[in-house]
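Undergrad: The structure under discussion is supplied below as structure tokens; questions concerning it will follow.
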Amino acid sequence: MNTNIKAMILAAGRGERMRPLTDSTPKPLLSVRGKPLIDWHAEALARGGFDALVINTAWLGEKISSHFDRQPMQDGRVQPSVVYSHEGADFGGALETAGGIARALPLLGEVFWVLAGDVFMPGFEFSRDAVSRFVASNKLAHLWLVPNPPHNPRGDFGLSPDGLALNPRPDDPQARYTFSTVGLYRRALFSELPFGNPQGLQAPLAPLLRAAMDNQGVSAELYEGAWADVGTPARLDELNQPTTNGSPSSP
């Protein structure tokens, strides 16, 4: 199964908080350290052996497809194989995360990676071992969580000692972490939505994950490498500040 694993990069959002930068450039094409955000992901996936990509688009989607059509990868690797789910062209706008994934399911396999095109995590390793462990499990999803950034101090999900992702109550004092947006999924997680989402239903991902967590159906692990949600111009500027050692600044 590993040889058939595809990765979906979510790239359909409008990026309202990044305006005016995103008025003419889709957020995944904004540059961090001289490279579009989405290229960091494509190159990291290729290093792990995952070079078959599915990308959903809406806002300025033609710029994302033309970027991959003409732009060689900057680390010298071969260009990935990319297919698109053009939500904007098909439905006039983005379908939210679960709606977009459901729309793209016919392009994906039974197990697949998903990650957002607007996060920066340059050291993350997309590994075949992680896929093998997930395939051998009975879980519907496996998530990578990160320590909470200043803009999300309460976090999203809990993490049990035995590696289960937890859906904490609002008043639960247990430690929570932020969802990095990187995860492995089984198609079955999206069974509540019509396969291929032919009507273009808008649906968020969190309720599906939380319902699966309540049934011990989601595993997780903590990733403590560099990670940033590039959600505002200030965060983008911070990442692009020069450093003394030549490495990307710590988010």
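Undergrad: Select from region 162-178 the residues that are touching a Phe, Trp or Tyr at 6+ places or on another chain (Cβ under 8 Å) and not in a loop (DSSP other than H, G, I, E, B) and write down the one among them that is nearest to residue 138 (Cα to Cα). Steps first, answer last, please.
TA: Start the filter on region 162-178 by keeping residues that are touching a Phe, Trp or Tyr at 6+ places or on another chain (Cβ under 8 Å), which leaves 165-168, 176-177.
Still in the running and not in a loop (DSSP other than H, G, I, E, B): 165-166, 177.
Numbers: 165: 14, 166: 16, 177: 23 Å.
Out of the qualifying residues, it is 165.
Undergrad: Then there's this: Just one of 118, 90 is crowded, with 17+ Cβ neighbours inside 10 Å, touching a residue at least 24 places away in the same chain (Cβ under 8 Å) and among the charged types (D, E, K, R); which is it?
TA: 118
Undergrad: Same structure, new question: Has region 216-223 got any residue that is surrounded by 13 or more Cβ atoms within 10 Å (Cβ to Cβ), of a type outside the set (Lys, Arg) and in contact with a helix residue (DSSP H, G or I) (Cβ under 6 Å, 6 or more places away or on another chain)?
TA: yes
Undergrad: If you don't mind, another one. Please enumerate the residues belonging to region 34-61 that are over 13 Å from residue 7 (Cα atoms), in a loop (DSSP other than H, G, I, E, B) and out of contact with any helix residue (DSSP H, G or I) (no Cβ under 7 Å at 6 or more places or on another chain).
TA: 34, 60
Undergrad: Which of (1) within 14 Å of residue 231 (Cα to Cα); (2) surrounded by fewer than 19 Cβ atoms within 10 Å (Cβ to Cβ) is the odd one out, the single condition residue 27 does not satisfy?
TA: The failed condition is (2).
Undergrad: The conditions are (1) buried (at least 18 other Cβ atoms within 10 Å of the Cβ); (2) touching a strand residue (DSSP E or B) at 6+ places or on another chain (Cβ under 8 Å); (3) within 18 Å of residue 143 (Cβ to Cβ), and residue 208 fails exactly one of them. Which is it?
TA: Single failed check for residue 208: (2).
Residue-wise test of (1) under 26 Å from residue 146 (Cα atoms); (2) in contact with a strand residue (DSSP E or B) (Cβ under 9 Å, 6 or more places away or on another chain); (3) crowded, with 23+ Cβ neighbours inside 10 Å; (4) modelled with pLDDT of 90 or more.
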{"residue": "3", "(1), (2), (3), (4)": "no, no, no, no"}
{"residue": "6", "(1), (2), (3), (4)": "yes, yes, no, yes"}
{"residue": "71", "(1), (2), (3), (4)": "no, yes, no, no"}
{"residue": "76", "(1), (2), (3), (4)": "no, no, no, no"}
{"residue": "84", "(1), (2), (3), (4)": "no, yes, no, yes"}
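The values are calculated or read from the model by the stated rules, or taken from the named source; none is laboratory data. None of the values given here were measured: they were computed from a predicted structure. Cβ sites come from the backbone with ideal geometry, for glycine too, and all protein chains shown count toward neighbours.
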